[in-house]
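*Asks:* Dropping the structure in here first, questions after.
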Amino acid sequence: TSRAVEKVMSWLERGDSVGEDAGDSLDQPLEELDLVQHQLVDFKPTVDVDGPLKSVKIASSDPVKDIKSVLAEEEECTLPTLAWQQVEKEEYILPTLAWQQVEEDQHGEFQFMVSHILSPEEMYLHPVSEMSGQLAQLEVEMGRIAGYEKLARVEEVMVGSVWAVLQEMWYRVRVNAVSHGQVELQSIDYGHYLHVDHHDHHLHRLPPGLASTLPGLAVKCHLSRVRPVQDKGWGKLALQMITSCLEGVDQHTALVVERSD
């Protein structure tokens, strides 16, 4: 029995120590909770806000009450409003370009190079002049920037308007006629004709620079006092003969005469 009593006493001593440890472990969270609450009371954060809101400090024994007052103060502040700029629809002004005028000498003559021949009644020339000498620069500018210009709207494609179109190279073209869904165009720098679909025309606005300011370089001429033998008009043989005589890189001399009907 004495050994049993010793066992009981030993077990009771062990239980007391476990109880003390458990009590200590229960007291520790309570102490930590008191420390956290004390830190919350003394916590004074500073909030910086760009604009009309100023720095706000919180210092109180009742954090929840002060937070509500801060929120109320922020609600009274007026945030800046953004004013959207209104972009007006750009209105495109159709350029009006004249044709190059021939400057003859005192004898009424001028030097030229042939650009395009349709018949002896309709030929297009490049007079040897300073203005015609800008053709190469015009081609460079058109090839570099014309493709970046906006496409013409269908309602803008009207007779007399001038546009840029890509047909192996970029040309400045004038609208001669709009009929049955087709648009007849004529190159103002070379003289030849083009035809495009009215609703799928691929006509671009003229880029700034020479393209919008330089007059059309092709000058329309005809052979004076020459008529076709037949009433049907000029045949292929007549066109071949005049082409063989005038086309090429050679310069020719023409005499300006008054046209009589």
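The values are calculated or read from the model by the stated rules, or taken from the named source; none is laboratory data. For clarity, every value in this text was computed on a predicted model and none was experimentally measured. When we count neighbours, we look across all protein chains shown, and the Cβ atoms used for this are built from the backbone with ideal geometry, even at glycine. What goes into the accessible areas is simple: the full protein's heavy atoms, side chains included, and nothing from ligands, DNA or RNA. Shrake-Rupley method; radii C 1.70, N 1.55, O 1.52, S 1.80 Å.
*Asks:* Net charge around A164, counting only other residues with Cβ within less than 10 Å of its Cβ (Lys, Arg = +1; Asp, Glu = -1)?
*Replies:* Values: positive: R172, R205; negative: E149.
Here the count lands on +1.
*Asks:* May I ask you to give the solvent-accessible area per residue for segment 143-199, in square angstrom, as obtained with a 1.4 angstrom probe? Intermediate values should be presented prior to the final figure.
*Replies:* Details: 2950 Å² over 57 residues.
Result: 52 Å² per residue.
*Asks:* What whole-number distance in Å separates the alpha-carbon centres of segment 103-163 and segment 181-224?
*Replies:* 8 Å
*Asks:* Let me ask something else about it. First compute the accessible area of segment 141-224 with a 1.4 Å probe, then give the percent of it belonging to carbon and sulfur atoms. Present the calculation step by step, with values, prior to reporting the outcome.
*Replies:* Details: 2190 of 3940 Å².
Whole-percent figure for carbon plus sulfur exposure: 56.
*Asks:* Still on this structure, please answer the following. Please list, in chain and number order, the residues 5+ apart from G216 or on another chain whose amide H is under 5 Å from its amide H, with Hs placed from the backbone.
*Replies:* A98, W99, Q100
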